[in-house]
Amino acid sequence: MVNKKYKFWFCTGSQELYGEECLAHVAEHSRIIVEELNQSNRLPFEIVWKPTLITNELIRRTLNEANMDEACAGVITWMHTFSPAKSWILGLQEYRKPLLHFHTQFNQEIPYESIDMEFMNENQSAHGGREYGHVVSRMGIERKVIMGHWSDPKIQKRIADWMRTAVGIMESSHIRVARVADNMRNVAVTEGDKVEAQIKFGWEVDAYPVNEIAGYVESVTPAEQKALVEEYYSTYDILLEGRDEQEFRRHVAVQAAIEIGFERFLKEKNYHAIVTHFGDLGSLGQLPGLAIQRLMEKGYGFGAEGDWKTAAMVRLMKLMSSGTENPKGTSFMEDYTYNLAAGKEGILQAHMLEVCPSIADGSIGIKVCPLTMGEREDPARLVFIAKTGPAVAVSLIDLGSRFRLIINEVECKKTEKPMPKLPVATAFWTPKPDLATGAESWILAGGAHHTAFSYDLTAEQLMDWADAMGIEAVCIHDGTTIRGLKNELRWNAAVYR
Ligand code: MN
């Protein structure tokens, strides 16, 4: 999904004052750190060692080379010693990519017996990191600061997470969304300013008449359609539930043609996300259900009822989490029904049809069932139950003068009992800190019913992405209180006027 083989540059700061012998140690130390990080198998992307930065000219040149190098997704800076930070101003002013200040130190434990001034001079990131941090803060440059010893697996995990965020920042500007219908009539929260979204996030959102994409579906050959239906039948459980086998297969075949036709359209026109609307289906035989579910699994973003903001967020979150070891999945989602029984509180999540099977736990079945909306034949859809565990649900809203990203940490669970009459894929979660506070906070923040949902990203990563985009982000988490959240929203309103 991430086409480019991204790399991150490791730039170590120092100065000439320490003499050549010390500078040789600085370079050796940073080489060892880069080698060990690359060999840790905990980082999703390679780190490239760069010669120690000691002068204004070299800092400026290196950071500009990082800007120019398409494969460079960000720079990791480390102040091994004291690096007078005025030397960084010009380079930082011109630098445009994600920046990590890795506040680490080569040496882990103070060698009490042998420590002398020479040792201190060679292990003084506590000193140098503050000088550098001061200037980055004074310049108002958005960056991540990670503090801790470079050999610590927890620290390496944080660097890995930041790398994914950085790739999200880099790739955001390449996201292109195809809308094959406008916004659902009278719905507010799925609307938004597409020009502002392109300025802020780089997203390109284009509309097409639904029959243009339907033409691609009609051009799918019977042989292609048949082959994909056979793939479905060998991959999924066929849940006839009393329907005629031939009729069932014909309904499934309609979705197969939609999957092939839609994907051909998206590839040909270079789109990474798609938006549909049950009220605007043109000559399509069914509301795209199974077809959209399969496209989401392949990495496409999706939003229903014209919701291009969520479609782009689903794509972004799939990009950020791509390559995760043992991924648990990322999907479009919708808040549907509460369980308010004491001790069992939660929100049942689903959509009419379009939930991504990447989040499925266990077997996936195909059902063909009537749909009250859309006025087309009964659509085929994939049905399953989502995994358990911690996850994030995200809503991007347009407040008129600005965007706000709302992130709720949630705990996914199994429903107490099966739901045999519900013909859609579902998840069930309890929002943090609890259902009532989570839902009240979400509503006070103006969050939508549609979300982009992932097990494979953290609130910290999404907050960092929002910070890099220069938009407001609100996280509803274990420590959230209504009073605190209301104050945060008030303060944010002053900051993001
Ligand atoms: Mn919806």
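The values are calculated or read from the model by the stated rules, or taken from the named source; none is laboratory data. Quantities reported herein were computed from a predicted structural model and do not represent experimental measurements. Every residue, glycine as well, gets a Cβ built from its backbone with ideal geometry; the counts of neighbours run over all protein chains shown. Surface accessibility is based on the protein's heavy atoms, side chains included, excluding ligands, DNA and RNA. Shrake-Rupley method; radii C 1.70, N 1.55, O 1.52, S 1.80 Å.
Here are some notes:
- 5 angstrom amide H check on Met79, placed H, neighbours 5+ away: Gly13, Thr104
- For Gly192, residues with placed amide H under 5 Å, excluding near neighbours: none
- For Lys417 and His149, a Förster radius of 45 Å and the Cβ-Cβ distance give a FRET efficiency of 0.40, rounded to the nearest 0.05.
- Region 374-381 - phi-based ³J(HN,Hα) in whole Hz, Karplus 6.51/-1.76/1.60, Gly and Pro as x: x, 6, 10, 5, 4, x, 7, 8
- Model label points for Glu191 and Tyr496, set 7 angstrom from Cα along the Cα-to-Cβ axis, are 1.9 nm apart.
- Within region 125-192, GluC sites (Glu not before Pro) in DSSP loop having at most 14 other beta-carbon neighbours inside 10 Å: Glu142
- Between the Cα long axis of helix 153-172 and the first principal axis of the chain there is an angle of about 60°, rounded to the nearest 10.
- Crossing angle, helix 435-445 versus the chain [Cα axis fit, 0-90 degrees, rounded to tens]: 80
- Computed extension gain for Leu17 through Thr388, at 0.36 nm per residue and net of the alpha carbon distance, reaches 128.0 nm.
- Dipole in debye (nearest 20) - the chain, about Cα centre, beta carbon charges: Lys, Arg +1; Asp, Glu -1: 660
- Here the Karplus relation 6.51 cos²θ - 1.76 cosθ + 1.60, evaluated at θ = phi - 60°, turns the backbone of region 199-205 into coupling constants of 5, 6, 10, x, 6, 9, 10 Hz, with x for every Gly and Pro.
- Here the Karplus curve 6.51 cos²θ - 1.76 cosθ + 1.60, taken at θ = phi - 60°, turns the phi angles of region 229-235 into couplings of 4, 5, 4, 4, 5, 8, 9 Hz, with x standing for Gly and Pro.
- Contact order relative to length of region 7-172, as percent, for alpha carbon pairs under 8 angstrom and 6 or more apart: 28
- For region 7-172, the percent of C-alpha pairs falling in each 5 Å distance bin, counted from 0 to the bin holding the largest distance, reads 2, 9, 19, 23, 22, 16, 7, 2, 1, 0, 0.
- Highest average packing first - 293-304, 433-444, 397-408, Cβ atoms within 10 Å: 293-304, 397-408, 433-444
- Cα-projected label distance for Asp244 with Glu46, points at 7 Å along beta-carbon direction, nm: 6.0
- Taking each residue as 0.36 nm, the span from Lys298 to Asp478 lengthens on full extension beyond its C-alpha to C-alpha distance by 61.5 nm.
- If you take the alpha carbon atoms of region 106-191 and fit the smallest convex hull around them, that volume is 167 Å³ per residue.
- Potential lengthening between Ser219 and Lys157 on full extension [0.36 nm per residue; Cα-Cα distance subtracted]: 17.6 nm
- Surface per residue (accessible, 1.4 Å probe) for the chain, Å²: 44
- For region 372-484, share of DSSP beta bridges that run antiparallel, in % to the nearest 5: 75
- Computed FRET value (nearest 0.05) for Glu28 with Glu325, which takes r as the C-beta separation and R₀ as 35 Å: 0.65
- Counting protein heavy atoms only, the chain has 51 percent of its accessible area on carbon and sulfur, 1.4 angstrom probe.
- The angle between the Cα long axis of helix 308-321 and the main principal axis of the chain comes to about 50°, on a 0 to 90 degree scale.
- Size-normalised alpha-carbon gyration radius of region 347-497, reference 2.2 N^0.38 Å: 1.17
- Label-to-label distance, Ser137 versus Arg264, with points set 7 angstrom from Cα along the beta-carbon direction: 5.9 nm.
- Normalising the average separation of contacting C-alpha pairs (under 8 angstrom, six or more residues apart) by the number of residues puts the relative contact order of the chain at 12 percent.
- Rounded to 5, the percent of DSSP beta bridges in the chain classed as antiparallel: 50
- Sparsely packed loop sites in region 174-248 (the trypsin sites (Lys or Arg not before Pro) outside DSSP H, G, I, E and B with at most 14 other Cβ atoms within 10 Å) comprise Arg185.
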